[in-house]
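Q: Below is the structure I would like to discuss, written out as structure tokens.
The values are calculated or read from the model by the stated rules, or taken from the named source; none is laboratory data. Just so we're clear, the structure is a prediction, and the values are computed from it rather than from any experiment. All Cβ positions, even for glycine, are placed from backbone atoms using ideal geometry, and neighbour counts span all protein chains on display. Just so you know, the surface numbers come from the protein's heavy atoms only, side chains and all, with ligands and any DNA or RNA stripped out. Shrake-Rupley method; radii C 1.70, N 1.55, O 1.52, S 1.80 Å.
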Amino acid sequence: MCPHLEKRLGTCLALALSLVSAVPAAIRADDEPSTESTAYFEQHIRPLLAERCYSCHSVREKKKQGGLLLDSRAGWARGGKQGPALQPGDVDGSLLIRAVRYDDPDLRMPPDKPLPAEAVARLEHWVRIGAPDPRDGRAPEPDHADNPSDPIAGRAHWAYRPLGNHQPPTVKEFNWPHSPIDAFILAKLEATNLRPALDADRRTWLRRVTFQLTGLPPTPSEIAGLLADDRPDALARVVDRLLEAPQFGECWGRHWLDLARYADSNGLDENFLFREAWRYRNWVIAAVNADLPFDRFLAEQLAGDLLPFDSIEQRDRQRIAAGFLVVGPKVLLGNDPQQRRMDVADEQLDTIGRTVLGQTLGCARCHDHKFDPVPTSDYYALAGIFTSTLVMQKRYMLGEQRQMERLFGLGADGENLNTAYEKFWREQPQRKEREKQAKSAVELLEKSDDKALQELAAKHPGAVAPDAADAGKPQEQRLAVQKDLLVRIQAELANHPPIPPRAMIPCDVDQPADESVRLSGQFNRLGDRVPRGFLRVMGDVPAAVSDGHSGRIELAHWLTDSQHGAGRLAARVLVNRVWQHLLGRGLVRTVDNFGRTGEPASHPELLDYLARRMIESQWSVKDLVRQIVLTRTFGLSSRAGGNGEEIDPDNRLLWRAHRRRLEPEALRDAMLAAAGLLDPLPRESTVSYLGDQATAVGDNKNRRRTDFLCRSVYLPVIRNDLPELFDVFDFANPHASTGMRPQTMVATQGLFLLNDASVLSAADATARRLLASRPSADPQNLVDTLFEYVVGTPAGHEERTDVLAFVRQTQNRLAADGGQDAELRAWSLACQALFASSRFQFLD
């Protein structure tokens, strides 16, 4: 091996090993919980403790069984007679976890009835992340300490205020800005004596903008075209081409699918397949490509089944869009129907709060929000809209009627076909019973047991042919007609109708109604009834919910109404999300939390300027993307220089570009593109081959596939069984709305690139493509072509030397060992090394 490459790979492996051993210490119980972990506690843990534990372990009930209190952090930290109830970060070492698992007969909690598996899993996750508990720990001080949930006083918080009408500021270096956005950025830099970095070169800019807008690398011909284009609007032409490409929707639709907690299975307790989820996924991609205005985009997802339509095709599109409300995870077994109803509504409300408003609304389920101006009454005013919405139905599944996602037929005759299909499967148990009894009748006829046959015919008339039960008929004739009946019954069992076109579609319940406050969040403890409505912190205009309707149409309008609703907040959140995806960090870094515990904007005037422009452009996301990527700010180099690292090491003021790693979808798609294998065509379902049970558990050995050559956005997203690439490279958590994916650097990522079959296959195909092209007899041109395929730039002199030396030595070694295709294998290893390099994995 070339010593230079050997040293590089050796360094990578050493780093990988060091990362494996660098396991973070357990989080201490006195650490200040993060916003996300606090939200997890408020949404999942506090309600569970209140419902199942407080009756025996709380100050409120004046009970302290075993000396243990669970209504405060200090209570479980101090523990009872056996010591602390929890060891934050140590799941197996925590007494409470051992108790709820029911593994120890002498230590079982609750003693009357074990918790559902889902509840145990949530407690385990809580302990695993350090048992965050804000009840009596340190927490950020709210703006209004006396009553932080007061919606009137809360209007003073910056996120709820009207949009400012800010104009681009005057700057000293007036020739630098290319747009009003640049003026806002430069003004901040000048105020802190910072100078922006140099502009990125055209190759770097093109690779950055192509990946950011399409999730794919630029082709060699696209690179050559831009380098040769000296027109003043050359960059704008590139951006317009990318915005119109179908790949834009596949890339930016995935951003929304992260927020929509999209998956192809239910997850949680019963991980059943969401066989029709792909229709919602493809609707999102098509809507993004069409630049469907965001207010309409949102309305169709919240109330598409209720909106008027001009054709069956439009009706079906809108209904498919409303699958947004259905696609979330749900507990299907083991809980009270009323609890399930409240849990589903809570999940929908929390998703919409984070996704559209950047608010942790779920924290107000049990009590007035501790930090934000969301009283419990406002929570249940919104919850009434979703408890008046039906997203589940009983369907025949795995031998019984189960609560499943609601499906509705598509097309002019779709519902009739769907009804007939469901009727067939509902009657399947009776068919199987008929088959069983028909077989018994054949056996009785063969034994000439007429008495038993008559009893069987009387009890199961449909299972015995009339002539077969007639003792006056010849025996052979009776047996023949009974066997004919058995064959017909078996044919009915085998020839089931095909699945009709249908989609995951909600509907309003038969009698929409207001909801009652649930005391301490417990589904069976009713407080005052609250009229359906919205968050009062955004204004005093009451909700005018039509009689007999859930209120989803009114909610969708309120969310984007900038005059009397939450439109100004929704616009700020949306603009910030777009900025985050394009620049690498949000103007508000806590992209899912615009409340008091979130961070304020680094450039508040710019945020309001863009939010106002968003509303004025009729909520066009493509228009906003175009504005941002054509700024000089977007096109800066990521290289540090000057005094930037000293004054602003976190680059909050954007004096340079953020360097960042490709997301797993782009990483995989770029490898397939380099190999010439990527299939650019859209896909429908990539889970149709799976059974009703989505994961390979028990007798079900069928597992989701990842060997498709399509764009990664179409790969199966099975909750609890993500593709290995997604698992390793920080894919969105499909169980919850994800506005910002985690960003980790861990050993498993390097090991994946060294060992995974998909990487090896892509490297091999790239090498075959490379050798088939052979631009000239000069091997140095092969290296340049390889670099053009993989990283979009020719190799440097030292890189050519290193790669050629590595290939030559590897080829000689393989040939000496008697291996076949030594040249191909050597170039394949070189391709893999380039895939594992930071030049490929990162955007400069």
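Q: Just to be sure I understand, how many residues within region 662-696 are assigned to a loop (DSSP other than H, G, I, E, B) and either surrounded by 18 or more Cβ atoms within 10 Å (Cβ to Cβ) or free of Cβ contacts under 8 Å to residues at least 24 places away in the same chain (or both)? Reasoning before the result, please.
A: Initially, region 662-696 is screened for residues assigned to a loop (DSSP other than H, G, I, E, B), giving 662-663, 676-692, 694-696.
Restricting the remaining residues to those that are either surrounded by 18 or more Cβ atoms within 10 Å (Cβ to Cβ) or free of Cβ contacts under 8 Å to residues at least 24 places away in the same chain (or both) gives 662-663, 678, 685-687, 689-690, 694-695.
So the answer is 10.
Q: Among 382, 357, 361, 417, which is in contact with a Gly (Cβ under 7 Å, 6 or more places away or on another chain) and more than 22 Å from residue 272 (Cβ to Cβ)?
A: Numbers: 382 fails: in contact with a Gly (Cβ under 7 Å, 6 or more places away or on another chain); 357 fails: in contact with a Gly (Cβ under 7 Å, 6 or more places away or on another chain); 417 fails: more than 22 Å from residue 272 (Cβ to Cβ).
Checking each option against the conditions leaves just 361.
Q: In region 796-812, is there at least one residue being touching a His at 6+ places or on another chain (Cβ under 7 Å), open to solvent by less than 40 Å² (accessible area, probe 1.4 Å) and either at pLDDT 95 or above or farther than 23 Å from residue 664 by Cβ (or both)? If you could, list the steps in order and put the result at the bottom.
A: Step one: filter region 796-812 for residues touching a His at 6+ places or on another chain (Cβ under 7 Å), giving 802.
This time we only want the ones that are open to solvent by less than 40 Å² (accessible area, probe 1.4 Å), so: 802.
Filter once more, keeping what is either at pLDDT 95 or above or farther than 23 Å from residue 664 by Cβ (or both): 802.
Checked against the condition, which is being touching a His at 6+ places or on another chain (Cβ under 7 Å), open to solvent by less than 40 Å² (accessible area, probe 1.4 Å) and either at pLDDT 95 or above or farther than 23 Å from residue 664 by Cβ (or both), region 796-812 yields at least one hit.
Q: Let me ask something else. Looking at this structure, is residue 473 farther than 30 Å from residue 265 by Cα and not in a helix (DSSP H, G or I)? Please lay out each step first, then the result.
A: Details: farther than 30 Å from residue 265 by Cα: yes; not in a helix (DSSP H, G or I): yes.
So residue 473 fits the description; yes.
Q: Return the pairs, sorted by first residue and then second, in which the second residue is at pLDDT below 60 and of a type in the set (A, V, I, L, M, F, W, C), the first residue lies in region 135-159 and is open to solvent by less than 40 Å² (accessible area, probe 1.4 Å), the beta carbons are less than 9 Å apart, and the residues are 6+ apart or on different chains.
A: As it stands, the answer is 137/29, since those pairs meet every condition given.
Q: Determine, yes or no, whether residue 310 is surrounded by fewer than 23 Cβ atoms within 10 Å (Cβ to Cβ), within 21 Å of residue 40 (Cα to Cα) and among the acidic types (Asp, Glu). Give the derivation first.
A: Numbers: surrounded by fewer than 23 Cβ atoms within 10 Å (Cβ to Cβ): yes; within 21 Å of residue 40 (Cα to Cα): no; among the acidic types (Asp, Glu): yes.
Criteria not met by residue 310.
Q: Right, here's the next one. Report, by residue number, each residue of region 44-76 that is part of a helix (DSSP H, G or I) and in contact with a Leu (Cβ under 8 Å, 6 or more places away or on another chain).
A: Going residue by residue through region 44-76, those that are part of a helix (DSSP H, G or I) are 44-52, 65-67, 73-76.
Matches in region 44-76: 45, 48, 49, 52, 75, 76.
Residue-wise test of (1) closer than 28 Å to residue 398 by Cα; (2) in contact with a Ser or Thr (Cβ under 9 Å, 6 or more places away or on another chain).
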residue: 417; (1), (2): yes, no
residue: 421; (1), (2): yes, no
residue: 439; (1), (2): yes, no
residue: 447; (1), (2): no, no
residue: 469; (1), (2): no, no
residue: 472; (1), (2): no, no
residue: 475; (1), (2): no, yes
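Q: A further question on this structure: Out of region 294-307, which residues are open to solvent by 10 Å² or more (accessible area, probe 1.4 Å) and in a loop (DSSP other than H, G, I, E, B)?
A: 305, 306, 307
Q: Working only within region 772-820, note down all residues that are part of a loop (DSSP other than H, G, I, E, B) and without any contact (Cβ under 8 Å) to a residue 12 or more places away in the chain.
A: Taking region 772-820 and keeping what is part of a loop (DSSP other than H, G, I, E, B), we get 774-778, 792-796, 817-820.
Scanning region 772-820 gives 774, 775, 776, 777, 778, 794, 796, 817, 818, 819, 820.
Q: Which members of region 745-771 meet the condition of being β-branched (Val, Ile, Thr) and outside any helix (DSSP H, G or I)? Spell out how you get there, then give the answer.
A: First, pick out the residues of region 745-771 that are β-branched (Val, Ile, Thr): 746, 748, 759, 766.
Passing the criteria: only 746.
Q: Restricting region 266-293 to residues that are of a type in the set (S, T, N, Q) and open to solvent by less than 20 Å² (accessible area, probe 1.4 Å), which is farthest from the chain's Cα centre (by Cα)?
A: Once the filter is applied, the top-ranked residue is 271.
Q: Tally the residues that are under 25 Å from residue 326 (Cβ atoms), surrounded by fewer than 23 Cβ atoms within 10 Å (Cβ to Cβ) and of a type in the set (Val, Ile, Thr), restricting the search to region 531-561.
A: Number of matching residues: 2.
Q: Can you find a residue that is in a helix (DSSP H, G or I), open to solvent by 10 Å² or more (accessible area, probe 1.4 Å) and touching a residue at least 24 places away in the same chain (Cβ under 8 Å) anywhere in region 356-363? Spell out the reasoning first.
A: Let us first name the residues in region 356-363 that are in a helix (DSSP H, G or I), namely 356-357, 361-363.
Next, from what is left, pick out any that are open to solvent by 10 Å² or more (accessible area, probe 1.4 Å): 363.
In the following step, the residues that additionally are touching a residue at least 24 places away in the same chain (Cβ under 8 Å) were identified as 363.
The answer is yes, given that some residue of region 356-363 is in a helix (DSSP H, G or I), open to solvent by 10 Å² or more (accessible area, probe 1.4 Å) and touching a residue at least 24 places away in the same chain (Cβ under 8 Å).
Q: Residues to consider are 644, 739; find the one that is open to solvent by less than 20 Å² (accessible area, probe 1.4 Å), in contact (Cβ under 8 Å) with a residue 12 or more places away in the chain, over 29 Å from residue 771 (Cα atoms) and touching a Phe, Trp or Tyr at 6+ places or on another chain (Cβ under 7 Å). I'd like the intermediate steps shown before the answer.
A: Working: 739 fails: touching a Phe, Trp or Tyr at 6+ places or on another chain (Cβ under 7 Å).
Answer to the check: 644.
Q: When you scan region 562-593, how many residues do you find that are free of Cβ contacts under 8 Å to residues at least 24 places away in the same chain, buried (at least 22 other Cβ atoms within 10 Å of the Cβ) and farther than 30 Å from residue 211 by Cβ?
A: 0
Q: Here are 216, 206, 227, 163: which of them is open to solvent by 20 Å² or more (accessible area, probe 1.4 Å), closer than 30 Å to residue 773 by Cβ and under 35 Å from the mean Cα position of the chain (by Cα)? Give the steps one after another, and end with the answer.
A: Values: 206 fails: open to solvent by 20 Å² or more (accessible area, probe 1.4 Å); 227 fails: under 35 Å from the mean Cα position of the chain (by Cα); 163 fails: closer than 30 Å to residue 773 by Cβ.
So the residue among 216, 206, 227, 163 that is open to solvent by 20 Å² or more (accessible area, probe 1.4 Å), closer than 30 Å to residue 773 by Cβ and under 35 Å from the mean Cα position of the chain (by Cα) is 216.
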